[in-house]
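To keep things clear, I will list the structure first and then write my remarks on it.
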Amino acid sequence: MTTSHEPAARPDPAPYVARSTTDLVVMAPLVMGFHPRDSVVLLTFGDGGPGFHARVDLPTDLGSQQEVAATLLPPCVEHGTRRAAVLLHTDDAEAARSQAVLLVEALLAVGVDVLDVVRVEEGRWFPVPEDGDPGTAYDLSTHPFTARHVFEGRTVRRDRDEVAASLVGSDDADLTAVTLAATRAADDLLLSTRPVRAVLRPEGRWLQRRLRRSVLDREPMSAADAGRVLALVGVAEVRDVALAEVERSNAQHHVEVWRALVRRCPESLLPGACGVLALAAWQAGDGALAWCAVDRAVEVDPDDPVAESVAQLLLGAVSPVTWRPPRGEELPLFRG
């Protein structure tokens, strides 16, 4: 079962204010960043404003549907969720009905007021349980929420697979050049006769400067610099330097930098780069991308600590505002 608690696609814009079921249906792909398919989408709302939003694969067997309800409940309790809407994106009316029963019962049991329960097909939604209602048509392309989304420069991917595909490069010649550069950089680190800290500290300072430059100028890195960066974030103490550069104010820029690096990254170094991308995507409010980065990292190293940490943040629907990156001499690499 794939679970992804996905916060709104960006932290800064004002929240959408839904005044109808159609508004909720249109809002789901906009806050997720992609069009859900065969999914349970939970939109939550607290007394203080917008809550977290979550997407889980919709299973068809009872046991897995019970797991879905059990998975979605703890974040609601943790965040003091007062109201929620349940959207079941599927053509399978029976699977939607049975999942809705289990999830709604669980939500009501912890005091969550369920505003709406609907099954969503492309261009039409149906109340659950269904009673022969022909459903209500909606047009995502003409809805005011969509117009605002486009005006703010945000996009919606076709589905989650398209989000994952955005992390896979297609330039074989560039991949070869970056791989050679990464190998040279790694060899320089390994073959040095100086103390480890004496080798890594200046590399960490270089990494700081290079990332800050990329965030400002938005220019692609050379193959030499990309390989060096990717080799460095394969070292835990140096990766901490990259992680500390990410904050809410610059998170989207770091997403762009690290997505490009992941697309150019040799497979063996993916955990380091994907871990930083996952954290940046979480900070930017792009839970779908964060999960895809986590997935790519653990495909290579199932025990990668940063990927595991970000996964726990996503599963717990932890707000990005809780992140307090270490500064300057607080980083272990730069102490003393």
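Quick note: the coordinates plus some simple rules give every number you see, no bench work behind them. None of these values were measured; they are calculated from a predicted model. All Cβ positions, glycine included, derive from the backbone under ideal geometry; neighbour counts span all protein chains shown.
In table form, for the structure just shown:
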| quantity | calculated |
| --- | --- |
| Mean residue ellipticity (222 nm) of the chain, computed from DSSP H runs ≥ 4 via -39,500 (n - 2.57), nearest 500 | -16500 deg cm²/dmol |
| Ratio of Rg to Rh over the chain (Cα coordinates, Kirkwood Rh, two decimals) | 1.02 |
| Per residue Cα convex hull volume in Å³ - calculated over the stretch 225-276 | 65 Å³ |
| Computed FRET value (nearest 0.05) for residue 66 with residue 192, which takes r as the C-beta separation and R₀ as 56 Å | 0.55 |
| 5 angstrom amide H check on residue 34, placed H, neighbours 5+ away | 157 |
| Two-decimal ratio, the stretch 157-311, of alpha-carbon radius of gyration to 2.2 N^0.38 Å | 0.97 |
| Residue 213-residue 162 FRET efficiency (beta carbon distance; Förster radius 30 Å; 0.05 resolution) | 0.50 |
